[in-house]
Amino acid sequence: MNASSSSPLRRCDGIVRRDFLHVGLMSAFGLSLADLLRLQASAASPKTKAKSCILIWLDGGPSHLDTFDPKPDAPVEIRGPFKAIGTDVAGIQLCEHLPQTARVMKHVALVRSLTHELGNHDTGSHYLLTGHRPTPALQYPSLGSIVAREGGNGAALPPYVTIPDSVPSLRAGYLPAAFGPFAIGGDPSKPGYRVRDLQPPDWISFDRVEQRRSMQQQLDQFTRTLEESDDTRARDRFFEQAHQLIASPVARAAFDLEQEAPQTRQRYGHRRIGAGCLLARRLVEAGSRFVSVVDRGWDTHQDIARTLPDAQFPGSGKVPDMDRAYAALLTDLHERGLLESTLVVMMGEFGRTPKLNSIAGRDHWPRAGFACFAGGGVRGGQLIGRTDAHGETPDERPVRPEDIAQSILGLLGVDTDAEYQTPAGRPMKILTGGEFVSELT
């Protein structure tokens, strides 16, 4: 099911849901969407500058020293193989493989003092993506699930989407699975890509879809005479939302990258992260509230001189591909007048060790990392916090994962003191710690 599936994690370290239909006649053309959209109550959106959020998740732990916090004056075993370059903001330097991002730093508030203690991928991801330290007693909801829960679903598009798939900490946690993300699956950079579940199989026409829809409605009517419950009373409304997503030309068009001009696709790049960022722009433009672009492969334990920039194909690799996609996204949103209403956050679960290891890579290092904020009312062109001369720990304005979560939700107008109930009936604040990073605005 889309809200809980993910491809295997390629790094060094299913939510079970009750079917709400008594027959499986609709599964051939996207029942999972109906299940996803169930129980998403509409609510008035807060009047804030940030109406939506695009989160670029650099899965695996990106090196801060080799991207957004270079140390050009440190010894070579610290500064690594890359040079630092200037940006369009005086006093801010980046890695030489981020030249396009360097030209849009006027839009970016760069947090260089992100810090915590959890150096495992899963625990670090959970901490950053939920704002809660992980505990075996409770799985907390992701920030995207909270936004979906608070903002509701008032349009054909799902409020929360992951591209292409989610990691466990991007899911709904103790909230109903309906508030989990709609994962598009596959590789959006491939020619002819189609989002799964948005279209019935080629051998099923919309006439047959409508016939099956009518049959399902009749079966539901019969079921209600036998079992009257909140689930059965809500079933029609959420099934209609799923049908609207499948049938709506606007919704289907939002997922169709073929509608973009070739020069726009070239601008973002044809790698997964580029196609993902372009699709994210299309989705927030069409009404989605929270879109996560998951870019895997940042667990770089060896030979970073050849793996972060691709030694075989100059201008490509993890850092250059991210550079192109990120800069294109900010520029595109700005040119379309969408940047003020769209918060763009880029981060990973932790940074990397200040000193290169014996195989010319860097290992896990949660004590220092970065997060980039842009748009959504954020004051760009500034540094927030600072690490020491070797990038080991913050020596100015440490920022914790709870602070990141408070800031993202705060910019989106979410009251983090509001309470939910866990499945055990325990009241739980949306966030229990942290403070909004005031410098952002």
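Some points to look at:
- Which listed residue, of SER113, SER45, SER63, SER32, is modelled with pLDDT under 95 and not in a helix (DSSP H, G or I): SER45
- Members of the range 136-169 that are in contact with a Gly (Cβ under 6 Å, 6 or more places away or on another chain) and of a type in the set (A, V, I, L, M, F, W, C): ALA155, LEU157, ILE163
- Single residue of THR307, THR342 found to be of a type outside the set (A, V, I, L, M, F, W, C) and over 23 Å from SER169 (Cβ atoms): THR307
- Considering residues of the range 373-413 that are touching a Pro at 6+ places or on another chain (Cβ under 7 Å) and open to solvent by less than 40 Å² (accessible area, probe 1.4 Å) only, the residue farthest from LYS49 (Cα to Cα): GLY391
- The one condition in (1) in a helix (DSSP H, G or I); (2) open to solvent by 10 Å² or more (accessible area, probe 1.4 Å) that HIS301 fails to fulfil: (1)
- Single residue of the range 320-347 satisfying the filter (of a type outside the set (A, V, I, L, M, F, W, C), within 17 Å of ALA109 (Cβ to Cβ) and outside any helix (DSSP H, G or I)) that is least open to solvent (accessible area, probe 1.4 Å): THR342
- Residue, nearest to SER142 (Cα to Cα), within the range 414-441, restricted to residues that are in contact with an Asp or Glu (Cβ under 6 Å, 6 or more places away or on another chain) and crowded, with 21+ Cβ neighbours inside 10 Å: VAL414
- Residues in the range 306-319 that are open to solvent by 30 Å² or more (accessible area, probe 1.4 Å) and in a helix (DSSP H, G or I): 3 in all.
- Some residue of the range 323-334 being modelled with pLDDT of 95 or more and among the acidic types (Asp, Glu): yes
- Those residues of the range 101-118 which are more than 12 Å from VAL399 (Cα to Cα), of a type outside the set (A, V, I, L, M) and surrounded by 19 or more Cβ atoms within 10 Å (Cβ to Cβ), in sequence order: THR101, HIS107
- Test: residue in the range 266-289 that is among the acidic types (Asp, Glu) and open to solvent by less than 20 Å² (accessible area, probe 1.4 Å): no
The values are calculated or read from the model by the stated rules, or taken from the named source; none is laboratory data. The shown structure was predicted, so the numbers you read here are calculated from the model rather than taken from an experiment. In this analysis, Cβ positions are derived from the backbone assuming ideal geometry, glycine residues included, and neighbour counts consider all displayed protein chains. Just so you know, the surface numbers come from the protein's heavy atoms only, side chains and all, with ligands and any DNA or RNA stripped out. Shrake-Rupley method; radii C 1.70, N 1.55, O 1.52, S 1.80 Å.
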